[in-house]
Amino acid sequence: MDSDKISLQTSPYRRGAETGLFFGAYFSALILAGVYSAAIPLLSILVLALLAAFPAAVYRKQRKAYLSDPQPAQITAVWIHGITMIACGALIAALLILVLFKWINPDYFANQLRFLVETYEQTHEPALRDAAQTAGLMLERNAIPTPATLTLGFWLFTVASGSILAGLMAVIARLMGHPANASRRSRSN
């Protein structure tokens with residue numbers, strides 16, 4: 001089913017799962033751009049653009065689903081659609097994180113921590129001192145989070161913050177009105 005033609009008459013969980021494919025690709029692009037921005041600095045602009053556009057993308061998907069119904073849906077249905085689409089998208093991206101940091105680039109975080117310590121040792125920048133000390137302790141004690149920990153942390157944070165955003169966007173989508181309400185008002189006048 002095309003996510004642009006999803007109707008709220010369908011289960012909001014099903015709609016959210018189908019729309020979640022889009023957000024899985026969105027989050028995956030964000031993660032890959034973030035990871036590889038150290039090697040290709042222009043990718044950091046893409047990261048910022050994706051982060052800035054995320055609330056608008058959530059609103060657009062929720063609003064489109066809301067408007068696709070002939071009658072206005074309950075706000076809870078629009079919110080559940082948003083939560084589910086973000087949770088399903090985050091699940092896809094979490095799988096990418098697990099694969100990326102367990103098998104493709106398992107030393108990524110250790111290398112980033114070493115780079116931070118080396119940068120501080122070369123520059124003695126006061127702003128980096130505390131971060132460099134923490135990074136050094138993490139390396140010394142082998143306290144680098146495992147790929148499973150990173151995956152779970154990403155998924156939980158994304159779902160928790162995404163549910164708040166989806167709730168806000170559901171309210172805005174409802175406040176913007178529905179064509180069925182406008183036609184009812186014009187008939188009553």
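Some values worked out for this structure:
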item: For the chain: rounded, prolate or oblate by the Cα gyration tensor [a/c cutoff 1.5]; result: prolate
item: Segment Leu21-Gln122, extension gain: residue separation times 0.36 nm, minus the distance between their alpha carbons; result: 31.9 nm
item: The chain, accessible surface, carbon-and-sulfur percent (1.4 angstrom probe); result: 66
item: Largest-first ordering by accessible area, 1.4 Å probe, given options Ile86, Ile164, Ile31; result: Ile164, Ile31, Ile86
item: Area of Arg114 that stays accessible when all protein chains are in place (1.4 Å probe, Å², to 10); result: 110
item: Accessible area (Å², 1.4 Å probe, nearest 10) - Tyr59; result: 60
item: Rounded tilt (10° steps) of 43-68 against the dominant C-alpha axis of the chain; result: 20
item: Average accessible area per residue (Å²) across the chain - probe 1.4 Å, nucleic acids and ligands excluded; result: 58
item: With all protein chains modelled, accessible area of Asp130 [1.4 Å, Å²]; result: 90
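The values are calculated or read from the model by the stated rules, or taken from the named source; none is laboratory data. All values reported here derive from a predicted model rather than from experimental measurement. For the accessible areas, the whole protein counts, side chains as well, though only heavy atoms, and no ligand, DNA or RNA atoms are used. Shrake-Rupley method; radii C 1.70, N 1.55, O 1.52, S 1.80 Å.
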